[in-house]
Amino acid sequence: MKQSSSNRIELTDRVFLYSPAGGWGRDVVAAGLLKSLSKRHPFVTFFQPLCRQEAPLRLLSAASGALQLEAAGRLEEHEGIGEEEYYANEALSRREIVTKFYDSPAVKKADFALVIGSNHSKVAHPSKMYTDALLSADLQCPVLLSVSGEGRSAHEVAESIKACARTVQEKGSKILGAFVSPSPAGIEEQVRIELVDLSIPVWFIGRIEEKGSAKEKALACFEACQKGINEEELFRALSRPFTAPVTPACFQFSLLRQASEKKKTIVLPEGGEERVLRAADYVLSHDAADIILLGEEEYVKRRAANIDLSFISKAKILSMENEALKEKLEGEMKKSLPLKDDEDVAELIKDPSYFGTMLVKIGMADGMVSGAVHPTAQTVRPALKIIRTKPGVPIVSGSMLMCMEDHVDIYADVAIVPNPTPSQLALIASQTCKTARMVGIDPIVGFLSYSTLGSGKGKDVEMVKEAVEEFRASSPKAPFVGPIQFDAACSPQVARLKAPGNPVAGRVSAYICPDLDSGNILYKAVERTGGATAIGPILQGLCKPVNDLSRGSTMWDIVNTIAITALTCEEEDDE
């Protein structure tokens with residue numbers, strides 16, 4: 001089973017069965033789908049991300065046995081987490097469900113996975129409908145609906161399907177078709193007429209007897225579904241191209257999984273800070289990087305024990321009072337810094353940011369993440385003095401990954417260069433494209449301005465125009481547009497009005513801001529009012545990766561920045 005970044009999928013290998021009201025209807029459809037899917041795919045499995053009862057999984061396990069599906073596996077391979085656990089910590093739970101899905105032995109083996117929505121009563125539960133829509137996007141699944149027709153008119157059934165479709169589409173996924181199960185007789189034509197605007201197939205499944213063993217129920221499900229499903233129509237629906245959403249939970253999993261393949265060593269100078277410790281514990285639990293924590297070992301371990309962390313024992317804890325190490329770092333620092341006397345070095349090495357940066361310099365660590373406690377300058381200044389920029393690169397810039405509900409964009413510069421020249425702005429765009437590709441974003445560049453393609457005049461617009469021309473000359477194959485206003489850059493509808501015929505407008509994924517004021521304001525506004533998760537800033541242009549955190553960083557911000565720093569280490573190795 002593959003994981004996708006934000007790209008067009010021509011043939012899906014998974015589908016999410018989503019039901020606004022459960023009961024037997026959803027389970028009948030699930031068992032029937034297993035049978036139909038097994039005719040086209042050698043290894044089919046099932047997975048339930050949010051579990052409350054075992055009955056659906058036992059039915060599907062029995063259905064697998066009846067079909068002799070080789071990917072059935074043990075029941076726990078098909079389970080995510082419990083509902084109570086999920087709602088106690090939704091952010092953590094969504095990430096854990098994504099991990100459990102991709103780590104499931106049954107899912108790894110399968111050619112196709114049927115993902116089953118959570119259990120509901122026969123009365124629709126709006127919050128759980130919303131949760132299922134989120135999880136379908138997290139697992140990058142297109143959706144099949146299962147809607148109960150019991151005691152409902154054709155209009156009520158159609159309205160239920162429309163409501164579910166809106167919820168799923170708002171979260172970034174896509175409806176491929178709908179089942180009505182159980183279905184009252186005589187509503188088929190009217191339901192299809194009312195759903196004509198959705199352009200999806202609808203199948204109608206009769207009632208089955210709820211008696212007998214799980215295997216007998218499975219056989220009854222097969223029979224009922226065979227009567228109601230047009231399999232050719234079903235497989236055509238499953239073959240419709242699908243652009244996979246990239247949610248924050250999905251994106252973080254991708255970062256951690258890529259980082260675990262590189263297995264770099266990251267130093268965290270603020271080793272006693274609780275958010276840093278929690279982030280380090282999470283990274284270590286996923287084996288995504290080796291961690292060095294700066295601090296006194298007894299204190300760090302006591303702090304970790306007090307907040308019930310299980311994996312900090314895997315970290316290397318270095319004391320800044322280790323005399324042998326201090327002497328080594330001071331000697332190397334004298335070679336790196338144009339200082340007047342040894343006393344300056346002795347004072348600087350007391351700063352955890354300088355200490356951590358020197359560990360990167362001498363190769364004990366591959367990269368550094370700092371700033372949860374200290375201001376940006378305290379992280380950036382040692383990096384500029386000691387690590388320095390790559391040969392031929394005159395500036396460092398800072399980009400921010402913006403994880404929206406269903407995709408990830410990148411903004412720059414948001415941290416370093418106050419008033420870039422046109423040449424610097426073009427270079428910032430080039431640096432940002434490299435960062436974007438490194439984390440799986442296809443960079444489509446938009447040079448932001450208050451003017452769209454000449455609609456406004458002025459000195460600031462002319463500066464952006466010059467930057468565009470320099471970028472065009474240095475990156476002739478890169479897709480870009482500019483100068484362009486933000487709304488025309490991000491919205492296809494606005495782009496059709498303000499930049500008609502431009503192939504890039506409305507599709508921008510890499511937003512290049514004309515100055516630090518606008519960049520910093522933009523990302524914070526989108527983060528705070530648009531609900532985006534901001535990751536970064538990622539420092540671009542250094543010889544080795546050192547990345548800064550906001551002092552308002554959450555544990556997840558730190559986890560993500562550690563993973564990105566580890567990935568950037570690999571980029572440096574390749575160059």
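Suppose we keep only residues that are outside any strand (DSSP E or B) and among the hydroxyl-bearing types (S, T, Y) within the range 254-306. Which one would you say is farthest from the chain's Cα centre (by Cα)? Break it down stepwise before answering.
First, pick out the residues of the range 254-306 that are outside any strand (DSSP E or B): 254-264, 269-289, 295-306.
Going one step further and asking which of them are among the hydroxyl-bearing types (S, T, Y), we end up with 254, 260, 282, 285, 299.
Values: S254: 7, S260: 16, Y282: 16, S285: 18, Y299: 34 Å.
Here the answer is Y299.
Among residues of the range 327-386 being of a type in the set (A, V, I, L, M) and in contact with a Phe, Trp or Tyr (Cβ under 8 Å, 6 or more places away or on another chain), the one that is nearest to P269 (Cα to Cα) is I349. In the range 534-555, the residues that are more than 24 Å from D406 (Cβ to Cβ) and basic (K, R) reach residues that are at pLDDT 85 or above and assigned to a strand (DSSP E or B) with C-beta atoms within less than 8 angstrom, at least six apart or across chains, in these pairs: K544/G367. Every listed requirement among (1) under 24 Å from V98 (Cα atoms); (2) in contact with a Pro (Cβ under 7 Å, 6 or more places away or on another chain) is met by E233 save one, (1).
Across the range 318-343, the number of residues qualifying as free of Cβ contacts under 8 Å to residues at least 40 places away in the same chain, more than 38 Å from the chain's Cα centre (by Cα) and not in a helix (DSSP H, G or I) comes to 6. Residue selection: R496 fails the criterion of being in the same structural domain as A426 (by TED's automatic domain parsing), surrounded by fewer than 18 Cβ atoms within 10 Å (Cβ to Cβ), over 19 Å from L425 (Cβ atoms) and touching a residue at least 60 places away in the same chain (Cβ under 8 Å).
Test of understanding: among E466, E462, which residue is surrounded by fewer than 19 Cβ atoms within 10 Å (Cβ to Cβ), touching a helix residue (DSSP H, G or I) at 6+ places or on another chain (Cβ under 6 Å) and not aromatic (F, W, Y)?
Details: E462 fails: touching a helix residue (DSSP H, G or I) at 6+ places or on another chain (Cβ under 6 Å).
Result of the check over E466, E462: E466.
Can you tell me which residue is nearest to the chain's Cα centre (by Cα) among those in the range 525-536 that are surrounded by fewer than 16 Cβ atoms within 10 Å (Cβ to Cβ) and not β-branched (V, I, T)?
Step one: list which residues in the range 525-536 are surrounded by fewer than 16 Cβ atoms within 10 Å (Cβ to Cβ), which gives 525, 528-531.
Subsequent filtering for residues that are not β-branched (V, I, T) retains 525, 528, 530-531.
Values: A525: 20, R528: 18, G530: 16, G531: 14 Å.
Only one residue tops the list, namely G531.
Exactly one residue among I484, I562, I512 is under 21 Å from the mean Cα position of the chain (by Cα) and among the aliphatic types (A, V, I, L, M), and that residue is I562.
The values are calculated or read from the model by the stated rules, or taken from the named source; none is laboratory data. No experiment lies behind these values; they were computed from the predicted model shown. Heads up, the Cβs are rebuilt from the backbone with ideal geometry, glycines too, and the neighbour counts pull from every protein chain shown.
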